[in-house]
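Below: one structure, written as structure tokens.
The values are calculated or read from the model by the stated rules, or taken from the named source; none is laboratory data. Since we're looking at a predicted model, the values are computed, not measured. Cβ coordinates were reconstructed from backbone atoms using ideal geometry, including for glycine residues, and neighbour counts include every protein chain displayed.
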């Protein structure tokens, strides 16, 4: 009987086998899942579930979402994409959306990393700081 740890270890090995030049290869992922389905190894469902979780995490790592209070120009969006692609050490897939609730600034999400430079976030931060500061007593 395979333990959960063995299933995770097997799934990580399968994920590494599906990598090509530091990026996930979709064809290798398809072949791997087909082989797992055809061979039906012991604890195959647990391995397949963990493998699917790892594949989702790896694909999300290469997705950049840019939120702004106003529409961004194509040049500005390309500049942001280039800077964060260098940080991710690879090509990223970029999506952009407009969120007026930000009031100004940007919120960037690359995989599980979030950079929030919006005015709304700064105001929330100031509000939480002022709650923690004791009032100055009058003398």
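When the range 2-33 is filtered for residues that are at positive phi and without any contact (Cβ under 8 Å) to a residue 60 or more places away in the chain, only 21 remains. Would you confirm whether or not the range 88-98 contains a residue that is at pLDDT below 90, assigned by TED's automatic domain parsing to the domain that holds residue 109 and assigned to a helix (DSSP H, G or I)? Yes; the residues of the range 88-98 include at least one that is at pLDDT below 90, assigned by TED's automatic domain parsing to the domain that holds residue 109 and assigned to a helix (DSSP H, G or I). For the range 34-48, the tally of residues that are part of a helix (DSSP H, G or I) and either over 23 Å from the mean Cα position of the chain (by Cα) or touching a residue at least 40 places away in the same chain (Cβ under 8 Å) (or both) stands at 10.
All of 109, 76 fail the test of being in a helix (DSSP H, G or I) and modelled with pLDDT of 90 or more, apart from 76.
Only one of the listed residues (89, 109) is surrounded by fewer than 15 Cβ atoms within 10 Å (Cβ to Cβ), closer than 27 Å to residue 25 by Cβ and touching a residue at least 24 places away in the same chain (Cβ under 8 Å). That residue is 89.
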